[in-house]
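A short worksheet on the structure shown next.
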Amino acid sequence: MRRAIDALLIWTMRTKKKKCIKKTRIKVAFAITSFGDVPFASYINHVHVMCVWSKTYDMILVPDHGNTLVQAREHCVDEAIRVGAEYILYVDSDVILPLNTLDSLISCDADLASGLCVRRGYPYSDVAWIKIQNEIKQPLFDPDEPGVHLVEWVGGGCALFKVSAFANLKKPYFQHVYEKGRQLYEDVYLCMKMQKKKMSIMIDSRVQCGHVCRSQVVYPKNAPAFRAMHELITDKKV
């Protein structure tokens, strides 16, 4: 009888533990923004990573309603707040994500943590900006020396936000603006708002994303080869 009671107590404790684990799973809103054709390679990738991540996280696919990218991104924030997500992961429809994306970006514990993406056209530069002697410049992070770096601005191709960060910001979160004769896109605009609030923005080069470029995929490690090929053909250098 005693053994039966002990076994029942152990089973009850294990069941409660499982329920607690299930309740404490992190809820992530997965926001894929797309206006146009979606490359097959990135489509399959997004389905795959969401299936894998769903084993660890509560993944919620957020629709990107709106006539413009700005409207779509704004709507995704509203939806993430509505469903009670702790994080929102923005992903462009032509970006390929490595499986370590969520684990690595969450471990940064930043208000905004981005994977390392490169432009899909010349000069295939990293989509990130840092401040050097009061000037905003685009660095080239070494993909063979992955790490986490504080930056000024990042792109929205693979960007993980803490949803709580938006509580300290006023709408519109995203907007296209012109400053000093140049256009600043919606992701840079949001980074500028976050910097004014002293929020943390990081690049995690352990997360090396692919960017579909016509029939090719540009990664941080093969971007120098794309750059060299372009310079050879056009006799143009950065």
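Condition (residue is at pLDDT 95 or above, within 24 Å of Glu231 (Cβ to Cβ) and either crowded, with 22+ Cβ neighbours inside 10 Å or in contact with a Pro (Cβ under 6 Å, 6 or more places away or on another chain) (or both)) applied to the range 108-116: is it met by at least one residue?
Yes, the conditions are met somewhere in the range 108-116.
Assess whether Ile96 counts as being over 16 Å from the mean Cα position of the chain (by Cα) and touching a residue at least 60 places away in the same chain (Cβ under 8 Å).
Answer is no for this residue.
Could you please find all residues in the range 156-184 being without any contact (Cβ under 8 Å) to a residue 60 or more places away in the chain and in contact with a strand residue (DSSP E or B) (Cβ under 9 Å, 6 or more places away or on another chain)?
Those that are without any contact (Cβ under 8 Å) to a residue 60 or more places away in the chain and in contact with a strand residue (DSSP E or B) (Cβ under 9 Å, 6 or more places away or on another chain): Ala165, Val177, Tyr178, Gln183, Leu184.
Just the residues that are surrounded by 13 or more Cβ atoms within 10 Å (Cβ to Cβ) and within 20 Å of the chain's Cα centre (by Cα), please, taken from the range 127-149.
Val127, Ala128, Trp129, Ile130, Gln138, Pro139, Leu140, Phe141, Pro143, Pro146, Val148, His149 - these are the residues of the range 127-149 that are surrounded by 13 or more Cβ atoms within 10 Å (Cβ to Cβ) and within 20 Å of the chain's Cα centre (by Cα).
Is it true that Tyr124 is surrounded by 24 or more Cβ atoms within 10 Å (Cβ to Cβ) and in contact with a helix residue (DSSP H, G or I) (Cβ under 7 Å, 6 or more places away or on another chain)?
yes
Looking only at the range 55-67, how many residues end up being surrounded by fewer than 14 Cβ atoms within 10 Å (Cβ to Cβ) and at pLDDT 85 or above?
The total comes to 3.
Could you check the range 211-220 and list, in sequence order, the residues that are out of contact with any Asp or Glu (no Cβ under 9 Å at 6 or more places or on another chain) and either among the hydrophobic types (A, V, I, L, M, F, W, C) or under 24 Å from Phe161 (Cα atoms) (or both)?
Val217, Val218, Tyr219
Is it the case that Ser93 is modelled with pLDDT under 95, over 14 Å from Val163 (Cβ atoms) and among the hydroxyl-bearing types (Ser, Thr, Tyr)?
yes
Starting from the range 105-128, take each residue that is under 15 Å from Pro146 (Cα atoms) and list its partners that are assigned to a helix (DSSP H, G or I) and not charged (D, E, K, R), counting only C-beta distances under 6 angstrom and pairs at least six apart or across chains.
Close Cβ pairs satisfying both conditions: Ala113/Leu105; Gly115/Thr101; Val118/Ala223.
Would you mind telling me which numbered condition in (1) buried (at least 17 other Cβ atoms within 10 Å of the Cβ); (2) aliphatic (A, V, I, L, M); (3) more than 20 Å from the chain's Cα centre (by Cα) Leu232 fails?
Here Leu232 clears every test but (1).
Looking at the structure I just gave you, is Lys221 surrounded by fewer than 11 Cβ atoms within 10 Å (Cβ to Cβ) and either farther than 21 Å from Ile32 by Cα or under 21 Å from the mean Cα position of the chain (by Cα) (or both)?
no
Within the range 170-199, count every residue that is among the basic types (Lys, Arg), part of a loop (DSSP other than H, G, I, E, B) and modelled with pLDDT of 90 or more.
Looking only at that region, the number is 4.
For the range 200-224, name all the residues that are in a loop (DSSP other than H, G, I, E, B) and under 14 Å from His149 (Cα atoms).
Ser200 - this is the single residue of the range 200-224 that is in a loop (DSSP other than H, G, I, E, B) and under 14 Å from His149 (Cα atoms).
Against the condition surrounded by fewer than 16 Cβ atoms within 10 Å (Cβ to Cβ) and acidic (Asp, Glu), how does Asp78 come out, does it pass?
Taking the combined requirement at face value, the residue satisfies it.
The values are calculated or read from the model by the stated rules, or taken from the named source; none is laboratory data. Everything quoted here is computed from the prediction, not taken from an experiment. Because the Cβ atoms are built from the backbone with ideal geometry, glycine has one as well, and the counts that use them run over all protein chains shown.
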